1. Checking Ser56 against (1) at pLDDT below 95; (2) among the small types (Gly, Ala, Ser); (3) farther than 17 Å from Gly290 by Cα; (4) in contact with a helix residue (DSSP H, G or I) (Cβ under 8 Å, 6 or more places away or on another chain), which single condition isn't satisfied?
2. Does any residue in the stretch 190-216 that is over 24 Å from Leu239 (Cα atoms) come within less than 7 Å, Cβ to Cβ, of a residue that is of a type in the set (Ser, Thr, Tyr) six or more places away or on a different chain, and which pairs are these?
3. Answer yes or no: is there a residue in the stretch 179-186 that is over 16 Å from the mean Cα position of the chain (by Cα), part of a strand (DSSP E or B) and among the aromatic types (Phe, Trp, Tyr).
4. Out of the residues in the stretch 32-53 meeting the condition of being modelled with pLDDT of 85 or more and closer than 21 Å to Ser299 by Cα, tell me which one is farthest from the chain's Cα centre (by Cα).
5. Hand me the list of helices (runs of 4 or more DSSP H) wholly inside the stretch 47-152 holding 1 or more residues that are outside the structural domain of Asp258 (by TED's automatic domain parsing).
6. Please find, among Arg254, Arg274, the residue that is farther than 23 Å from Ala183 by Cβ and either of a type in the set (A, V, I, L, M, F, W, C) or touching a residue at least 24 places away in the same chain (Cβ under 8 Å) (or both).
7. Please go through (1) among the small types (Gly, Ala, Ser); (2) at positive phi; (3) not in a loop (DSSP other than H, G, I, E, B) for Ala156 and return the number of the only condition it doesn't satisfy.
Amino acid sequence: MCLLARDLERTELGKHNPLVVAHPMLASFLKERAFLFYQHGEIVAPSESLVPGVQSILVPLSETADAFLAAGVPEQSVVVTGLCIEPGLVEIAEAAFEARLERLSNHDPMCGAFFSSGAEPRRHVELLASAAVAACLAGGRAQLFARRNGRLARIASAKFRAAGIELQVLTEPLDNERPLPGAVLFCYDSRPHLNQLTENRFNDFDYFVAPAHERSSWAIGLGLPMFVVDQPIGSYAPLNSAFVLNRGVAKTLRGREDAEGFGQTLARLRTTGRLQQMAEAGRGKFDVNGFWFIAEYLSRTLQG
């Protein structure tokens with residue numbers, strides 16, 4: 001770390017071109033640099049993310065800003081941007097939301113999206129795969145997004161095979177008019193590839209299942225009900241989980257019993273109208289154009 005800090009200071013501190021960093025460690029190393037912008041894109045801010053001394057800190061929500069202010073960061077240094085959600089999803093979010101509400105109010109099979117973190121912890125993967133199988137056994141549809149040849153891809157394939165459910169494996173975006181089978185495994189090689197696949201299928205999603213990482217912003221910003229995979233790992237996940245649960249946009253998938261009974265849980269939440277309420281609680285409450293705001297803010301700041 002000392003070598004990294006020394007190298008960064010030697011190559012960056014004397015420069016005057018704008019630099020945006022998204023990691024608190026980099027922000028700490030370079031806080032004396034001119035035109036440094038620290039983008040904290042997470043909706044929560046655990047202690048290690050609270051870097052003092054940076055001239056401009058970009059955060060998504062006023063609640064996020066409060067954590068920085070409480071840590072002693074001057075108010076004039078903190079800029080609230082709105083949620084930083086993939087622009088391709090923001091563009092289609094409203095139409096997808098309206099279609100989702102209509103589906104949730106009728107009896108068509110629901111489609112869930114299932115994601116792991118990049119590390120693919122075994123507990124998370126087991127719960128995700130079991131919940132996806134349970135959703136399909138109850139008559140629903142599942143779209144899993146997994147790293148090619150990774151743990152989720154392997155375990156999901158095995159669980160669907162054991163349940164006697166055909167799991168189609170795809171690696172490329174599809175024509176949105178093409179009908180898909182009940183269970184699909186989309187395999188990706190990189191984050192841009194995953195984003196491309198996600199944007200291509202987002203209109204299908206009625207809910208999603210994932211650890212409480214950066215996709216938590218989908219639940220509070222895009223009106224997509226979330227099921228949070230337990231146990232939370234790291235310092236961000238418990239705070240993210242609490243944030244979405246407290247706002248009524250999410251439920252917790254706690255263990256094997258919850259995963260295996262997931263189909264019945266979905267049916268109950270739909271029948272009682274709870275799924276629709278979760279979707280409505282997560283739409284229109286926060287600005288979702290954070291990336292656009294940041295681009296315009298940087299342009300104005302540098303021109304001034």
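1. That leaves (3) as the condition not met.
2. Going by the 7 Å Cβ cut-off, the qualifying pairs are Leu194/Tyr188; Leu197/Tyr188.
3. Yes; the residues of the stretch 179-186 include at least one that is over 16 Å from the mean Cα position of the chain (by Cα), part of a strand (DSSP E or B) and among the aromatic types (Phe, Trp, Tyr).
4. Residues of the stretch 32-53 that are modelled with pLDDT of 85 or more, as a first pass: 36-53.
Now restrict to residues that are closer than 21 Å to Ser299 by Cα: 36-41.
Numbers: Leu36: 26, Phe37: 23, Tyr38: 20, Gln39: 16, His40: 14, Gly41: 11 Å.
Looking at the filtered set, the residue picked out is Leu36.
5. 62-70, 87-104
6. Being farther than 23 Å from Ala183 by Cβ and either of a type in the set (A, V, I, L, M, F, W, C) or touching a residue at least 24 places away in the same chain (Cβ under 8 Å) (or both) holds for just one of Arg254, Arg274, which is Arg254.
7. The number of the failed condition is (2).
Residue-by-condition table, conditions (1) more than 20 Å from the chain's Cα centre (by Cα); (2) more than 12 Å from Cys187 (Cβ to Cβ):
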{"site": "Cys111", "(1), (2)": "no, yes"}
{"site": "Ser116", "(1), (2)": "no, yes"}
{"site": "Arg123", "(1), (2)": "no, yes"}
{"site": "Gly139", "(1), (2)": "yes, yes"}
{"site": "Gly150", "(1), (2)": "no, no"}
{"site": "Pro173", "(1), (2)": "no, yes"}
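The values are calculated or read from the model by the stated rules, or taken from the named source; none is laboratory data. Fair warning: this is a prediction, and the values are worked out from it, not measured in the lab. Heads up, the Cβs are rebuilt from the backbone with ideal geometry, glycines too, and the neighbour counts pull from every protein chain shown.
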